[in-house]
1. Search the stretch A:211-237 for residues that are more than 13 Å from chain B (Cβ to nearest Cβ) and pair each with any residue that is among the hydroxyl-bearing types (Ser, Thr, Tyr) when their beta-carbon atoms are under 7 Å apart and the residues are at least 6 apart or on different chains.
2. Only one residue in B:Leu512, B:Leu533, B:Leu540, B:Leu484 is more than 15 Å from the chain's Cα centre (by Cα), under 30 Å from B:Asp341 (Cα atoms), surrounded by fewer than 19 Cβ atoms within 10 Å (Cβ to Cβ) and not assigned by the TED database to the domain that holds B:Ser45, so which one is that?
3. Being surrounded by fewer than 19 Cβ atoms within 10 Å (Cβ to Cβ), within 24 Å of B:Gly205 (Cα to Cα) and of a type in the set (Ser, Thr, Tyr) is true for just one of B:Ser28, B:Ser67. Which residue is that?
4. Within the group B:Asp80, B:Asp74, which residue is within 14 Å of another protein chain (Cβ to nearest Cβ), surrounded by fewer than 20 Cβ atoms within 10 Å (Cβ to Cβ) and not hydrophobic (A, V, I, L, M, F, W, C)?
5. Any residue that is outside any helix (DSSP H, G or I) and either at pLDDT 95 or above or within 13 Å of another protein chain (Cβ to nearest Cβ) (or both) - is there at least one of those in the stretch B:130-148?
6. Quick check on the stretch B:590-609: of everything there that is under 20 Å from the mean Cα position of the chain (by Cα) and not in a loop (DSSP other than H, G, I, E, B), which residue is modelled with the lowest pLDDT?
7. List the residue pairs whose Cβ atoms are under 8 Å apart, where the first residue sits in the stretch B:302-328 and is at negative phi and at pLDDT 85 or above, the second is β-branched (Val, Ile, Thr) and surrounded by fewer than 17 Cβ atoms within 10 Å (Cβ to Cβ), and the two are 6 or more positions apart or on different chains.
8. Looking only at residues in the stretch B:161-183 that are surrounded by fewer than 23 Cβ atoms within 10 Å (Cβ to Cβ) and farther than 19 Å from B:Gly34 by Cα, which one is farthest from the chain's Cα centre (by Cα)?
Amino acid sequence: MLKYILLRSLLALAVAFTVSLAAFFLLNVATDPAQAIAGEDATQEVVDMIRARYGLDQPLPVRYFEWLGGVLRGDFGESYYWHKPVAELVAERAGVTITLALAALSVTILIAIPLGALAALNPNSWIDRMALGVAVSAQAVPNFWLGLIMIILFAVMIPIFPVSGDDTWRHFVLPAFVLGASSVPAIMRLTRTGLIEVMGADYIRTARSKGFRGGALLRRHALRNALLPVISVLAVQLGQKFGGSVITESIFAINGLGRLALESILGADIPTVQMLIFVFAIVFVAMNLLADIINAILDPRIRIG
Amino acid sequence: MGKLLEIKDLSVGLPLPAGLLHAVRGASIGLDRGEALGIVGESGSGKSMTALALMRLLPQRAVQGGSITFDGVDLGTLSDAQFSQGFLGHRIAMIFQEPMTSLNPVYTIGRQLTEGAVRYGGYSEAAARKRALALLDRVGIPDPVARLSQYPHQLSGGQRQRVMIAMALMLEPELLIADEPTTALDVTVQAQILDLLAGLRREMGMAMILITHDLAVVAEQSDRVAVMYGGEVIEEGEAQAVMAEPAHPYTQALLSAIPRMDGPPRQLGAIPGTVPSLLSPPKGCVFAPRCAYVRAECVAARPPLLGDSAHSRLCILTDAERPARAPAAPIRADHVMGKQDVPVIDGRDITQVFTSRKGMFGPKHTIRAVDGVSLTLKRGETLALVGESGSGKSTLARIMLGLALPTSGTVEMLGRPVADLLPLERAALVQPIFQDPYSSLNPRRTLAEIIARPLTLRGTDDTATIATKTREAMEMVRLPSRLLHSYPSQLSGGQRQRVAIARALVTRPQALVCDEPTSALDVSVQAQILNLLTELQAELGLSCLVITHDMAVVHQVADRVAVMLGGRLVEEGTCDAVLRSPSNEYTARLLAAAPQFRPEVSGVQETFA
């Protein structure tokens with residue numbers, strides 16, 4: 001088991017570096033960072049000067065390996081825009097984003113799993129149809145629109161939550177709901193189909209033949225089996241919430257990594273973008289690894305081959 | 001003391017989109033304490049539904065009528081909670097057909113064994129564990145203490161069924177229901193499990209309902225037998241009486257459809273037609289459309305229940321009116337045309353090695369699925385390849401078909417190495433027939449398209465030729481041409497397997513490789529298919545390689561037998577010689593394990609032969 005985790009972690013790192021390599025070349029081909037730093041109206045001399053000063057006149061492979069060398073020493077370079085170490089910048093903003101992502105995931109779990117389970121236990125009932133309706137509409141509504149509507153409803157018309165910012169827990173309620181809602185349809189459906197399948201399984205019939213009914217049957221025999229696939233998807237969703245909160249953070253003016261990503265992309269702040277991509281990739285792969293480990297703990301068929 | 005169980009006029013209906021499916025109609029069954037009742041029937045006869053109704057395990061939508069009385073208590077008056085906590089496990093327990101999926105994969109054996117006893121049986125954790133250990137030991141699980149902390153996937157199918165049995169016996173039920181408990185298991189394991197059940201029943205003085213499609217199993221294991229057909233109990237009585245003197249035409253036909261190991265192989269008594277649709281049950285006798293003795297009264301009204309409690313049947317025929325059946329003609333005398341010493345498929349020294357990894361980084365494992373086997377299929381003969389699951393027989397069959405190349409060794413077809421043959425040439429020489437006719441036919445194509453497919457693949461584009469050849473192939477397998485434009489989903493299992501055979505024959509191959517051609521079929525349908533294969537072979541001079549685990553099928557169709565164990569050929573010889581005096585210990589075990597009618601029961605022989 002330990003060996004498995006270790007090997008998977010190494011693999012995760014390899015994936016993260018591959019992603020960073022691709023990102024590095026794409027970024028430098030798509031934009032001219034020197035021009036962006038100097039501004040649109042700058043003369044050629046100024047641009048050249050900046051290019052030389054930041055080492056942007058070096059060939060791309062050389063610059064990548066310089067960056068890589070820095071990363072291995074824990075140095076992600078200095079932001080062109082904010083003029084301070086990128087690592088410091090990311091560390092400042094990460095807390096807010098982690099809070100938002102976890103809150104959003106909780107919203108997803110709290111809505112999607114009970115709703116999916118209720119729908120599965122009463123297939124084709126009004127609960128099932130209502131759950132399906134919720135899923136379809138949640139899937140159809142774009143995130144930014146839901147965000148704006150929530151602001152209008154619960155911050156302007158009925159002002160119970162602040163419009164924007166990230167100072168208190170109240171600031172996180174609306175964005176967490178908006179970000180969490182986007183994952184509800186997928187998780188709800190997965191819970192529903194998984195549980196329906198499990199409730200029809202032979203081992204549930206066996207448990208019923210031993211006298212198990214209702215809640216005891218669900219808790220002691222069905223739930224763990226039904227949640228195995230849900231856990232894998234939840235982990236991926238958490239990764240997405242971490243990296244994909246760009247729009248939500250912008251709408252609610254939350255000073256997290258998503259907003260930082262947006263600002264640094266607009267400012268062609270390559271060291272910052274580069275580190276964010278690296279961090280997002282690591283988080284994503286780590287979440288997948290975590291899902292595999294949880295599945296292995298819950299499912300003996302994975303743990304003991 | 002009254003009967004332990006009294007089922008009266010039970011009916012079960014399942015609402016389907018097409019209407020109400022009458023799965024069980026007016027079934028009445030009684031059972032004394034300590035008695036063993038066998039319920040026999042083919043698929044769709046309602047035998048499992050009867051048991052599920054008794055256990056209250058029917059689907060929620062099912063409609064149930066009639067009454068069930070257990071030890072004087074009318075179960076219909078009990079609430080679901082009263083029944084599940086007062087009866088399930090304590091007084092009635094059940095084991096199921098599929099040991100591979102009937103245990104929860106994510107919990108330990110120990111937890112699954114003890115949880116019911118602790119939760120509903122008043123056992124302490126420690127007492128339940130002690131009882132579980134004793135039972136595991138009794139059902140023949142080695143090292144029970146270690147097993148308790150293991151998971152179902154670490155056990156073999158036979159072991160899982162033993163665990164299921166131990167689990168059902170935890171609270172010493174008065175009645176054990178076993179629904180096809182051995183159907184999914186290998187032959188040698190089947191015999192062990194059946195013996196175990198019989199022994200446990202005697203020790204615990206328990207009553208048992210054994211549900212099976214296998215008449216031989218019932219004959220060996222039960223005191224009484226109920227024969228079900230089309231949702232009705234059509235014959236019921238003491239096992240000896242029913243087996244020796246079957247009174248209902250269906251039971252008679254069913255008994256004559258079973259391939260028997262005693263005496264020379266005879267034409268099997270196939271029942272014409274198919275099982276009736278239970279969506280609109282007939283006004284009269286449910287068997288009338290297929291019955292050889294049908295009269296006008298049979299169709300007009302339900303038949304009366306004749307006979308006494310020792311032996312009764314739902315049939316209008318009195319003992320005197322029932323004609324004695326003509327003896328079946330022996331088959332497979334040596335007049336089969338073209339039986340020669342010419343090899344059609346010649347496999348020499350075939351070895352197939354599979355390598356697999358455990359996980360992404362695990363160590364490599366190699367499995368020798370087939371290990372140095374030489375096997376020759378001669379012109380006009382039927383060679384049976386026998387072995388249990390995992391013996392490598394299906395892998396060998398794929399290689400003999402030319403569908404896979406072995407790791408080492410050669411296969412020659414009519415003297416040419418199979419590697420040199422083009423796929424089309426190979427397909428013209430040998431064709432496969434697979435086990436499961438439900439999944440081996442493309443559901444989106446009509447029969448005409450399915451059967452003609454090998455022709456179009458060979459580039460025949462003359463529609464007239466294709467139509468003629470398709471029609472010929474359908475005639476060969478006795479499929480009416482009105483089915484030409486139907487889809488597989490509209491056919492019964494037997495008809496589908498005929499389609500598979502027609503498809504295989506349309507290019508007029510020299511040889512057929514049949515992988516368990518009848519093991520997914522009911523006894524009466526198996527008889528139709530086995531008869532058909534025997535006839536076709538005589539007509540066309542085909543060579544057949546038949547893969548099977550069923551010794552009775554071997555006896556019925558084979559000229560020669562090859563027995564495989566662990567990838568090796570352990571015995572080979574003529575059918576007569578091998579079945580009469582097996583030289584290998586494993587072959588002998590296989591033969592001993594095959595369920596057979598006991599001598600005292602085979603009065604059937606006299607009645608028919």
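1. Close Cβ pairs (under 7 Å, with a partner that is among the hydroxyl-bearing types (Ser, Thr, Tyr)) amount to A:Val230/A:Thr191; A:Gln237/A:Thr108; A:Gln237/A:Ser183.
2. B:Leu540
3. B:Ser28
4. After applying the criteria, what remains is B:Asp80.
5. Looking for residues that are outside any helix (DSSP H, G or I) and either at pLDDT 95 or above or within 13 Å of another protein chain (Cβ to nearest Cβ) (or both), one finds none in the stretch B:130-148, hence no.
6. Applying the filter and picking the extreme gives B:Ala593.
7. B:Leu306/B:Thr318
8. Only one residue fits best here, namely B:Glu180.
The values are calculated or read from the model by the stated rules, or taken from the named source; none is laboratory data. Since this is a predicted model, take the numbers as computed values, not measurements. Positions of Cβ are backbone-derived with ideal geometry, glycine not excepted, and every protein chain shown enters the neighbour counts.
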